[in-house]
Amino acid sequence: MGKGTRKEISDFLRPQSPRSLRSHRLHNSTPFPRSIEVLSSRLGSKPEDIIKLDANENPYSPPLEVFEALGSLKFPYVYSDPESCRLHAALAKDLGIESDYILAGCGTDELIDLIMRCVLDPGDKVVDCPPIFTMYEFDAAVNGALVLKVPRNSDFSLNVELTADVVQKEKPKCIFLTSPNNPDESIINDEILLKILDLPIFFVLDEAYIEFSGIKSRMGWVKKFENLIVLRTFSKRAGLAGLRVGYGAFPLSIIGYLWRAKQPYNVSVAAEVSACAALLNPTYLEKVKEALVQERDRLYKLLKEVPFLNPFPSYSNFILCEVMSGMDAKKLKDDLAKMGVMIRYYNNKELKGHVRVSIGKPEHTDALMACLNSLS
């Protein structure tokens, strides 16, 4: 897509001065969690004996309708629908907004990269508010953007004043924020959202964990705000992480450019069939969500009793914990892995000495606590 088109997309932003191409080095980020099959091979354990609490996956099976739909696929040898018509129609019904505003992708990861490819020119700036989902910084670097890191407050809330000052002085194009945030579970209330939307910047709100928060999605806001995109996923809600289905709500002034720039067969046949089937059973999805929220509250209380952990209150399907009392966070992660329990460990500046535990089934919580108590 040419520069002229990118400029049309960002007419509502402040004028950008031409910038020369700058080289960017992609730094090695914290490795992403491995699949159960790979972990099984490395640990010498059976896959069913591994308790995987390191990737915020939904531990429950998708609805039965998903397996039935996958088992009855008739044309897997034919390319998928480039417009994902069935999925967009199902999403429109589920979300209560017109399909004209919706675009599905191969996970929200694809949509994040697609937005950056359409909006950014090399040398443009993106605001990042760590700690936050690392793919924003990764994709910004891939697309030749400069990342402006605005640190959060000590309680992980957004520093709105500093963010506004950076936007005013540096004139970045985009800001990506997650609510609830990964990995600290903090949420952004409407007052803060409106302050960010009032800034001359393109705002992408990632709602990957919205179902667990008790907060209403802001997807409908895109009909009012021309500088807002809201993203969501089937990975957490419907247990379809391995099938990669994400979707977003976009202003009409922008979505046409993304349609023209996306890969034609970005949502696979299996992914579209599975997502549509999952939406046929909202009762099951709600029961799974309630089970995970109940288990989250139980796990939080249990973790509070562990002398070397300080868990943070959660609005998501995971709990962030500060590792204390002389216990080393990496050693804790490694010791649990040897016992077949996988958790996420952080060593970056903002989260040094922290671990993140995904919410599993009750038996997963019991096994985790048994391991933690053996280390006390």
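The values are calculated or read from the model by the stated rules, or taken from the named source; none is laboratory data. Note that this is a predicted model, so its numbers are computed, not measured. For neighbour counting, all protein chains shown are included, and Cβ atoms are generated from backbone atoms with ideal geometry for every residue, glycine included. For accessibility, only protein heavy atoms count, side chains too; no ligands or nucleic acids. Shrake-Rupley method; radii C 1.70, N 1.55, O 1.52, S 1.80 Å.
Could you tell me which of rounded, prolate or oblate describes the chain, using a ≥ b ≥ c as the square roots of the eigenvalues of the alpha-carbon gyration tensor, with rounded for a/c under 1.5 and, failing that, prolate when a/b is larger than b/c and oblate otherwise? Write out the running numbers ahead of the final one.
Details: a/c = 1.77, a/b = 1.23, b/c = 1.44.
Verdict is oblate for the chain.
Within the listed set 84, 72, 61, the Gaussian network model of the chain (springs between alpha-carbon atoms below 10 Å) gives the highest mean-square fluctuation for 72.
Computed per residue of the chain from DSSP H runs no shorter than four, each worth -39500 (n - 2.57), the mean residue ellipticity at 222 nm is -11500 deg cm²/dmol.
Computed with a 1.4 Å probe on the full set of protein chains, the accessible area for residue 78 sits at about 70 Å². Springs between Cα atoms under 10 Å define the GNM used for the chain, and in it the highest mean-square fluctuation of 143, 347, 317 occurs at 347.
Looking at the square roots a ≥ b ≥ c of the eigenvalues of the Cα gyration tensor of the range 220-376, which shape do they give, rounded for a/c under 1.5, prolate if a/b is larger than b/c, or oblate? Provide the component values of the computation, followed by the final result.
Working: a/c = 2.36, a/b = 1.90, b/c = 1.24.
Note, shape of the range 220-376 comes out prolate.
Would you mind checking 125/352; 125/171; 236/304; 52/352; 125/149; 52/236 for any pair whose Cα atoms are more than 19 angstrom apart? Each step should come with its number before you reach the end.
Numbers: 125/352 26 Å; 125/171 7 Å; 236/304 25 Å; 52/352 22 Å; 125/149 10 Å; 52/236 14 Å.
125/352; 236/304; 52/352, as the Cα separations exceed 19 Å there.
Per-residue extension of 0.36 nm, minus the Cα-Cα distance of residue 363 and residue 160, leaves a gain of 69.0 nm for this segment.
In the context of the full protein assembly, residue 283 retains an accessible surface of approximately 90 Å², using a probe radius of 1.4 Å and ignoring ligands and nucleic acids.
Multiply the residue separation of residue 147 and residue 373 by 0.36 nm, subtract the distance between their alpha-carbon atoms, and state the gained length in nm to one decimal.
Working: separation 226, 0.36 × 226 = 81.36 nm, distance 4.13 nm.
So the extension gain works out to 77.2 nm.
Return the aspartates and glutamates within reach of residue 289: Cα separation strictly under 13 angstrom, same-chain partners fewer than 8 residues apart disregarded; answer none if there are no such residues. Leaving aside aspartates and glutamates fewer than 8 places away in the same chain, those within reach of residue 289 are 57, 211, 297. The charge dipole of the range 263-328, taken about its Cα centre with unit charges on the Cβ atoms of Lys, Arg (+1), Asp and Glu (-1) only, comes to about 140 debye.
Each of 307, 293, 354 was scored by the projection of its Cα onto the charge dipole of the range 255-376, and the greatest displacement toward the positive side belongs to 354; charges sit on the C-beta of Lys, Arg, Asp and Glu. Distance between the modelled labels on residue 92 and residue 328, one decimal in nanometres: 5.7 nm (7 Å Cα→Cβ projection). Where both bridge residues fall in the chain, DSSP classifies roughly 55% of the beta bridges as antiparallel. Available extension along the chain between residue 350 and residue 298 is 16.0 nm, counting 0.36 nm per residue and deducting the alpha carbon span. Dipole check for the range 251-376: with +1 at the C-beta of Lys and Arg, -1 at the C-beta of Asp and Glu, and the Cα centre as origin, the magnitude is about 360 Debye. Just going by the charge dipole of the chain, with Lys and Arg at +1 and Asp and Glu at -1 on Cβ, which of 166, 341, 251 is farthest out on the positive end? Of the candidates, 166 comes out farthest on the positive side. Here the simple spin-label model places points 7 Å from the Cα toward Cβ, and for residue 305 and residue 100 these points are separated by 5.6 nm. Of the residues 180, 269, 200, the one whose Cα sits farthest toward the positive end of the charge dipole of the range 113-269, with +1 on the Cβ of Lys and Arg and -1 on the Cβ of Asp and Glu, is 269.
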